[in-house]
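The values are calculated or read from the model by the stated rules, or taken from the named source; none is laboratory data. All of these numbers come straight from a predicted model, not from anything done at the bench. All Cβ positions, glycine included, derive from the backbone under ideal geometry; neighbour counts span all protein chains shown.
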Amino acid sequence: MNNKRWAGLAQQTVYIGPALLFFAITIIIPFVMGMYYSFTDWNGVSGTVTWVGLDNFKRMFTNDDAFLTSFWFTTKFTIVGVILTNLVGFFLAYFLTKNIKMRNWLRTVFFMPNVIGGLLLGFIWQFIFIKGFATVGEATGIPFFQLPWLGDETTGFWGIIMVFVWQSSGYLMVIYIASITNVSKEVLEAAEIDGASRFQVLRSIIVPLIMPAVTVCLFLAISWSFKMFDLNLSLTKGGPYRSTESLAMNVYDEAFVKNRYGLGTAKSLVFFLVVAAITLVQVRLTKKREVEA
Amino acid sequence: MKNFRLTLALLLVCSMFLSACGSSGGSEGENGNAASGEKKKVTVFQFKTEIVDGLNELKVEFEKEYPDIQLDIQTVGGGADYGAALKTKFASNDAPDIFSNGGDAEMEMWLDHLEDLSDQPWVDDLLELTKEPMTKDGKVYGMPMNLEGWGYIYNKDLFEQAGITELPKTYSELEAAAKKLQEAGITAFANAYQEWWLLGTQGVNPAFAQQPDPNAFIQGLNEGTEKITGNEKFEEWARLLQLTLDYGNKNPLTTDYNTAISLLATEKAAMMQNGNWAQTEIDAINPDLNLGYLPMAMGDNAEENDKLNVGVPANLVINKNSDVKEEAKTFLNWLVTSDMGKEYIVQKFKFIPAVTTIDAKPEDMGDLGAAVWEYVQAEKVLGRQSAKFPDGAGQEFAGAIQAYLAGKSDTNKMLEDMQATWDNLKK
């Protein structure tokens, strides 16, 4: 018995040990170190690190408008981003599980933006927004294209949203597709025979049956949009006049531009707690709504 | 479904292949080290992307002369990214032996790591103006790479076309000139106001540098005895910004540096706030332009205004704890004293040298460089102040200025924002 236990333990060490080790080195240890630095005034370079207690946390909530502004921006962005990416992802999946010509090809096309890195996408879209839209606007006179894209708060916000949705909905689409194709044909057929309309089938059968996918997709979309950094950096760099600065960017800015590493890590700790809390609540809520067929 | 998966798999493979390409640069470097054996390796970490090719050629020449030293030149471009990358290198025990430093506040920050270079032979040859940012308690900690000057670059032919005969030296004259240009159907200013550095460090410079004593003013700001708000120079500077906006291109806040350069180079705009570093970029589009400098005129005192902003953009410093300090010093010394090094500095890098022993000929430096050199020789310069700002203040200033340009705030509000930035970020 004892021998068997040892063998089991050895096996676990061999299989899980390496992964655990790397996880510890790349995630856990830096995280703990970050926690320590959040209580100091370290500037990221100097040898002297002074313990300042809770000063950093006090400062970010009482004396840092930019942090609160970026918090608000990120919240707005998350709400709009999560709803849009999931709606678009779901409906793409819904239509691409029907019998459409070029179905596979279209799936690949919609997934493609996800394969290209966010930074690259951002720069391409920046060009489209600033040069492409302006040219189209001049040629056609459509007011939508004549807006100062990325040049003020509103167009900056919606510009990032557009690229974000374009980039992420493809990924969510793949998850929804997998889930929708798993909905059993019998149930759908039965509903059809009973005379359910398409909308009724969608609302009362498909959606409840794919709730596990919804849980996953909401979780992904929330954490992606909260942590969004690359699009922000490449599209607007937080500008103009810092009106489109995401939380992640604010943290980066604090630690590496203003050289207040301690304050930066403190912010990122708060950031982590907020994202963790929101996603936990969300997963719990949506899990409750999952049903068995 | 099968087909879909196949395409997906192919895409993934492609993306992996692409990322593998991206990282191959790094592994090449490592192979190089392995082959070199007992050679001493000096790592240089710098951010001037425009001189990478020249540096690599120079590396070959240097290694020919000093076979037992091997140079490893690494470049990460763009201000903030460079700083972050450098910090990462130090944090991961991969500190370079030579790296760049902006001087003043940045020197203070890295002081723990800097080798005192006061005894180096080239120190005595430095132009006085270039020494200051890297000097602390009488010790010199870095070698200035070059001089750069900025103001309004203007197109002489377009000015002539608009009938401007006298060069504007004051605000009123500049306004009159802009009006004439507009009447002639020419956009007066190409404004790349999307770029934070163009506004927050370079654009704002005259307002700081035209204070009676800029250093005392900045010290006063740090101690709370001076204020940006209500300061006459800053108000004049805000007026100048407004002027460039009124007679400038459309959507200045989404116009980036390259776009503004091409506006200037294709003769769609007559002026742009920029420096001599832009020469190669402008030449690439249109080498036949007839360009010159105008000072950034604030207020109506012609004498006070007829000055160009000049400064050292970067200094090379040596890591105090490096094992190959001596070799690193050898390289720096070679760079500014050997014929080969001198030649590269003026001819390949197109630098305005910071060392008096290097001859700078106008034909090497281009129109703009030569014009800056003239201002330097005549001592009509405004020093570069941005390195004395608290860390990150330049970016914040840019935010406040952009809000002003977008009509979200007025002069008072902008100056209040800038004052608040300073108070918040000062040590």
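Points worth noting:
- Residues (part of a loop (DSSP other than H, G, I, E, B) and of a type in the set (A, V, I, L, M, F, W, C)) located in the stretch A:32-56: A:PHE39, A:TRP42, A:VAL45, A:VAL49, A:VAL52, A:LEU54
- One residue stands out in the stretch B:82-107 among those that are loosely packed, with under 15 Cβ neighbours inside 10 Å and under 17 Å from A:TYR261 (Cβ atoms): the one that is farthest from the other protein chains (Cβ to nearest Cβ), namely B:SER92.
- Every listed requirement among (1) modelled with pLDDT under 85; (2) surrounded by fewer than 20 Cβ atoms within 10 Å (Cβ to Cβ); (3) outside any loop (DSSP other than H, G, I, E, B) is met by B:ASP359 save one, (3).
- Unique residue being assigned to a helix (DSSP H, G or I), away from chain A (no Cβ under 14 Å) and touching a residue at least 60 places away in the same chain (Cβ under 8 Å) when the list is B:ALA188, B:ALA178: B:ALA178
- The stretch A:125-182: number of residues that are crowded, with 24+ Cβ neighbours inside 10 Å, small (Gly, Ala, Ser) and within 11 Å of chain B (Cβ to nearest Cβ): 3
- Conditions (1) crowded, with 16+ Cβ neighbours inside 10 Å; (2) modelled with pLDDT under 90; (3) more than 14 Å from every other protein chain (Cβ to nearest Cβ): number failed by A:SER243: (3)
- Scanning the stretch B:311-333 for residues that are surrounded by fewer than 18 Cβ atoms within 10 Å (Cβ to Cβ) and in a helix (DSSP H, G or I) returns B:LYS325, B:GLU326, B:THR330, B:ASN333.
- The set of residues from the stretch B:115-145 being in contact with a Phe, Trp or Tyr (Cβ under 7 Å, 6 or more places away or on another chain) and surrounded by fewer than 23 Cβ atoms within 10 Å (Cβ to Cβ) comprises B:ASP116, B:LEU117.
- Residues that are over 20 Å from the mean Cα position of the chain (by Cα) and either not in a helix (DSSP H, G or I) or not small (Gly, Ala, Ser) (or both) within the stretch A:160-188 comprise A:ILE180, A:THR181, A:ASN182, A:VAL183, A:SER184, A:LYS185, A:GLU186, A:VAL187, A:LEU188, listed in sequence order.
Each row is one residue, and each column tells you yes or no for (1) buried (at least 22 other Cβ atoms within 10 Å of the Cβ); (2) of a type in the set (A, V, I, L, M, F, W, C); (3) within 14 Å of chain A (Cβ to nearest Cβ).
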position: B:ASN231; (1), (2), (3): no, no, no
position: B:LEU245; (1), (2), (3): no, yes, yes
position: B:ASN258; (1), (2), (3): no, no, yes
position: B:THR266; (1), (2), (3): no, no, no
position: B:MET271; (1), (2), (3): yes, yes, no
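- Taking the listed residues A:PHE111, A:PHE71, A:PHE57, the one that is within 17 Å of the chain's Cα centre (by Cα) and within 24 Å of B:ALA420 (Cα to Cα) is A:PHE71, with no other qualifying.
One line per residue, one yes/no per condition, for (1) closer than 23 Å to B:ASP323 by Cα; (2) part of a helix (DSSP H, G or I); (3) not acidic (Asp, Glu):
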| site | (1), (2), (3) |
| --- | --- |
| B:GLU38 | yes, no, no |
| B:VAL42 | yes, no, yes |
| B:LEU55 | yes, yes, yes |
| B:LYS59 | yes, yes, yes |
| B:LYS64 | yes, yes, yes |
| B:PRO67 | yes, no, yes |
| B:GLN74 | yes, no, yes |
| B:ALA85 | yes, yes, yes |
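- Within the stretch A:90-106, if we keep just the residues that are closer than 16 Å to A:ASN182 by Cβ and not in a loop (DSSP other than H, G, I, E, B), the residue that is nearest to the other protein chains (Cβ to nearest Cβ) turns out to be A:LEU96.
- Residue list for the stretch B:389-411, restricted to those being in a loop (DSSP other than H, G, I, E, B) and either closer than 18 Å to B:GLY103 by Cβ or more than 9 Å from every other protein chain (Cβ to nearest Cβ) (or both): B:PHE389, B:PRO390, B:ASP391, B:GLY392, B:GLY407, B:ASP410
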